[in-house]
Amino acid sequence: MNPFQDFQISPFRPLALHMAKVTECTALVMPMFEHVRSRDHDGLRGLCEQVFKAEHEADKIKDEIRRYLPKTFGLPVFRGDLLTLLKMQDDMADSVEDVAVVLTIKKLELPPAIADDVVEHVSCVLKVCEFLRSATDELKEVTERDITGGGERGRRVLELAAQAEHAEWEADKSQYSLAQKLFALEDEIRATDIFLWSGVFKELGKLANHADKTADRLRRMLAR
């Protein structure tokens with residue numbers, strides 16, 4: 001069976017395939033920052049190429065889902081909700097790609113004074129993505145009966161969505177603190193580096209926000 005035609009069994013299984021590819025992108029975020037910290041610019045570029053490839057493959061899966069998603073009856077959830085969910089997942093892959101782009105505009109160096117804080121912030125962002133991935137793994141087995149009857153998997157998805165929301169709030173606080181520490185170094189590092197690092201933190205914030213909004217969309221779909 002074509003996995004993209006699996007909507008009647010569970011409308012979320014094809015979307016889980018897309019999320020798996022998005023997760024390939026997010027799994028490369030921490031290694032990218034580790035390469036920046038160790039000044040391994042060649043290794044960083046290699047990882048970024050993997051990000052670009054995974055993001056492109058996620059786009060192809062997205063296009064296939066849109067192609068096979070039924071346009072009429074037969075879905076236990078609204079077609080528009082599924083398409084919105086798909087777009088939100090894809091935004092996550094796009095944000096990882098944007099992080100990779102900013103990190104490689106120049107041979108960017110991670111200021112030692114904030115290196116640990118940056119790694120901690122990346123961990124906070126990835127926690128949001130991890131809660132979402134877990135929710136998606138649960139959701140791919142949710143059937144029409146679970147959606148309409150509030151099954152155990154559905155309740156687990158709601159719990160994970162709430163955890164993602166809290167993790168995104170923690171990531172926001174971390175981003176604000178990190179920005180303060182970055183600008184406190186304005187007399188020690190070049191203005192261009194401050195500008196680029198600000199861009200990196202902004203894209204990481206978008207990644208956390210996209211993951212949180214995707215989890216919230218799952219929660220809304222199950223709560224209807």
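The values are calculated or read from the model by the stated rules, or taken from the named source; none is laboratory data. Keep in mind that this is a model prediction, so the values were computed, not measured. Backbone-built Cβ (ideal geometry, glycine too); neighbour counts: all protein chains shown.
Kindly indicate which of L86, L44 is farther than 18 Å from G205 by Cβ and within 15 Å of the chain's Cα centre (by Cα).
L86
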Based on this model, can you work out whether S38 counts as surrounded by fewer than 20 Cβ atoms within 10 Å (Cβ to Cβ) and under 23 Å from A161 (Cβ atoms)? no
Against the condition in contact with a Pro (Cβ under 8 Å, 6 or more places away or on another chain) and under 26 Å from V122 (Cα atoms), how does L47 come out, does it pass? yes
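Only one residue in L86, L110 is over 30 Å from Y176 (Cβ atoms), modelled with pLDDT of 90 or more and among the hydrophobic types (A, V, I, L, M, F, W, C), so which one is that? Outline the logic, then answer.
Details: L110 fails: over 30 Å from Y176 (Cβ atoms).
It is L86.
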List pairs: first in the stretch 107-122 and closer than 17 Å to V29 by Cβ, second among the polar types (S, T, N, Q), Cβ under 6 Å, 6+ apart or cross-chain? H121/S174
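Quick check on my filter: what residues within the stretch 90-107 are of a type outside the set (S, T, N, Q) and either touching a helix residue (DSSP H, G or I) at 6+ places or on another chain (Cβ under 6 Å) or surrounded by 22 or more Cβ atoms within 10 Å (Cβ to Cβ) (or both)?
Listed by number, the residues that qualify are D90, D91, M92, A93, V96, E97, D98, V99, A100, V102, L103, K107.
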Considering every residue within the stretch 115-133, establish whether at least one is at pLDDT 95 or above, among the aliphatic types (A, V, I, L, M), part of a helix (DSSP H, G or I) and more than 20 Å from the chain's Cα centre (by Cα). yes
Test I61 against the stated conditions and say whether it is of a type in the set (A, V, I, L, M, F, W, C), at pLDDT below 95, outside any helix (DSSP H, G or I) and on the phi < 0 side of the Ramachandran plot. no
Can you pull out every residue in the stretch 64-77 that is over 23 Å from F131 (Cβ atoms) and at pLDDT below 75? P70, K71, T72, F73, G74, L75, P76
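Give me a count of the residues in the stretch 134-169 that are modelled with pLDDT of 75 or more and buried (at least 20 other Cβ atoms within 10 Å of the Cβ).
The total comes to 10.
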I'd like to verify a number: residues in the stretch 13-34 that are surrounded by 21 or more Cβ atoms within 10 Å (Cβ to Cβ) and either more than 23 Å from F131 (Cα to Cα) or free of Cβ contacts under 8 Å to residues at least 24 places away in the same chain (or both), how many? 0
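Quickly run through the stretch 1-41 and pick out the residues that are closer than 30 Å to V157 by Cβ, more than 20 Å from the chain's Cα centre (by Cα) and either at pLDDT 95 or above or part of a helix (DSSP H, G or I) (or both).
P3, F4, Q5
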